[in-house]
Amino acid sequence: MPAARTVTPDGDVILLVSAESAAARAAAHAQDDDLTAVIEITDVAPVSVPHRIRGRAWLTGWLTAVRGSERAACAALLAERRPVDDLPGTAGRPAWVMLRLEVGEISVDDLWGAEHVDPDEMAAARPDPMAAHEAELLQHLASAHSDRVGELCGLLGAREADGMTATPLALDRLGLRVRFTGGAAGSFDARFDFPEPVADICGLRRAMGSLFAAAGGPSLGIPPDEFRGK
């Protein structure tokens, strides 16, 4: 497991790994020869729910050690993601080394389906502003507002909500995904889109407030069809 990772503007993945790791030793042994490697990423829901794995991704490419003038720039990118005191370049033998994966192929299998992703698309993508807060927010919704989350089933039309447990499963700038389990309708996921993408916590608070109000009914002044469950 890398201590930290980040993506360069060109779409390469920079990994901070132990100098004693198999990956570091293999990259050092290969020198400038092509060393094929695969990064497997597993996304696990931060809440207690059946089938917690939300998705997997595989990045295949060519692994090399970061050397020379590139070290400082890559170390700065990693420090933005996760500061580490013992970065490469410190006095003595480094405890960590930086590796670069030049990505050639990406496969994703997640809640939206399975597909291949063009490496250029990953290079052009930007982090979702909710990513850093998602785990905490989902855990808060599940522990403190599970009754309100359950009310969202009312936005799904004819589906039967009696006896169902609702667990917030995923959150991003575009909406909230909820897993409903234990009812007569069986288990299913539903995604509730926000009226517009949110850029920060303040925007998310407004969007979630509107979503819960819509689930409460038209008397609250917000038409339920402003949101759509999928």
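Summary of values
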item	result
Relative contact order computed over segment 22-61 (Cα-Cα under 8 Å; 6+ residues apart), in percent	39
Residue order for Met1, Met208 - accessible surface, 1.4 angstrom probe, largest first	Met1, Met208
Built amide H within the under 5 Å cut-off of Val66, gap 5+	Met98, Leu99, Arg100
Amide H partners (placed H, <5 Å) of Gly175, local residues excluded	Phe194
Helix-derived mean residue ellipticity, 222 nm - over the chain, DSSP H n ≥ 4, -39500 (n - 2.57), to 500	-7500 deg cm²/dmol
Spin-label pair Asp120/Leu174, simplified geometry with 7 Å Cα→Cβ offset, distance in nm	2.1
Gain in span if fully extended, Cys202 to Asp10, counting 0.36 nm per residue against the direct Cα distance	66.0 nm
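The values are calculated or read from the model by the stated rules, or taken from the named source; none is laboratory data. All values derive from a computational prediction rather than experimental measurement. Cβ atoms come from the backbone with ideal geometry, glycine included; neighbour counts cover every protein chain shown. Note: areas computed on protein heavy atoms with side chains; ligands, DNA, RNA excluded. Shrake-Rupley method; radii C 1.70, N 1.55, O 1.52, S 1.80 Å.
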